[in-house]
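Take a look at the structure below.
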Amino acid sequence: MEVVNSDLKILSLKNFFNPTLDEKKQIQEAVDLNYERQYRPSFRTTGPYNLPMLDGNLELLDQLYQKFVDACSDIFGEIYTSLENTNTCYAYRGNKIDMGERFDNWWHNHFYTATINSVYYLDVFGDGITFRDGDKEFDYLPENGEMLIFPPDLVHAPQPNRTLNYRYSINMELKANHHPPELFDRIF
């Protein structure tokens, strides 16, 4: 575990999960399938679309989610998971056609849905994430296989992907019976 930004309470787990080529293909195919079934073209004009992974072979994503939960326990200590918690992962896929420039509505947080938020980067191409705290911004370029963990109220947005290759990232949330500061203050 590495502290990326102590003021914003961002943690990095480099090499969190480095899939084999077959595993990577399975995850990408599951994301692609969900995009085919859920993507609405109107979103193209308003920015990227983060969608729940509901269809296809989700076994690897279930394992990835459990690995995230285990990592949270290792990092924060004892966590009491809420009955509202689900292991649903959310996928984000886009290339320069879908996300060549950032729109204002890309900025968001996970305040109402998580106690601990994370983003796992399966495939990125020099495009990262920007965090915003008031009028300050912090840019970070993750590596493939890296996972970032941060508080759910931290406003963030993906950076535009300027290539034709698809960027694939997976958002995972943990809803716990703790207030986020209680957990993050254990580390920071």
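How many residues does segment 66-85 hold that are within 15 Å of the chain's Cα centre (by Cα) and either open to solvent by less than 80 Å² (accessible area, probe 1.4 Å) or among the basic types (Lys, Arg) (or both)?
Summing the residues that are within 15 Å of the chain's Cα centre (by Cα) and either open to solvent by less than 80 Å² (accessible area, probe 1.4 Å) or among the basic types (Lys, Arg) (or both) in segment 66-85 gives 5.
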Residue among Phe103, Phe16, Phe68 that is of a type outside the set (A, V, I, L, M), touching a Gly at 6+ places or on another chain (Cβ under 9 Å) and modelled with pLDDT of 95 or more: Phe16
Pick from segment 19-39, criterion modelled with pLDDT of 95 or more and part of a loop (DSSP other than H, G, I, E, B), ranking: farthest from Gln63 (Cα to Cα): Thr20
Residue check for Ser118: surrounded by 20 or more Cβ atoms within 10 Å (Cβ to Cβ) and either modelled with pLDDT under 95 or within 19 Å of Lys14 (Cα to Cα) (or both): yes
The one condition in (1) open to solvent by less than 10 Å² (accessible area, probe 1.4 Å); (2) modelled with pLDDT of 95 or more; (3) under 15 Å from the mean Cα position of the chain (by Cα) that Tyr140 fails to fulfil: (1)
Qualifying residue in segment 129-146 (condition: polar (S, T, N, Q) and part of a strand (DSSP E or B)): yes
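Being of a type in the set (Phe, Trp, Tyr) and open to solvent by 10 Å² or more (accessible area, probe 1.4 Å) is the filter; apply it to segment 143-188 and report the residue that is nearest to Thr81 (Cα to Cα). Spell out the reasoning first.
As a first pass, look at segment 143-188 and keep what is of a type in the set (Phe, Trp, Tyr): 150, 166, 168, 184, 188.
From what's left, open to solvent by 10 Å² or more (accessible area, probe 1.4 Å): 166, 168, 188.
Values: Tyr166: 33, Tyr168: 27, Phe188: 21 Å.
Here the residue is Phe188.
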Residue in segment 164-176 that is aliphatic (A, V, I, L, M), over 27 Å from Ile79 (Cβ atoms), modelled with pLDDT under 95 and not in a loop (DSSP other than H, G, I, E, B) present: no
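The values are calculated or read from the model by the stated rules, or taken from the named source; none is laboratory data. A quick note: this is a predicted structure, and the numbers were derived from the prediction, not measured. Ideal geometry is used to build each Cβ from the backbone, glycine not excepted, and the neighbour counts take in all protein chains shown. In case anyone asks, the SASA skips ligands and DNA or RNA and just uses the protein heavy atoms, side chains included. Shrake-Rupley method; radii C 1.70, N 1.55, O 1.52, S 1.80 Å.
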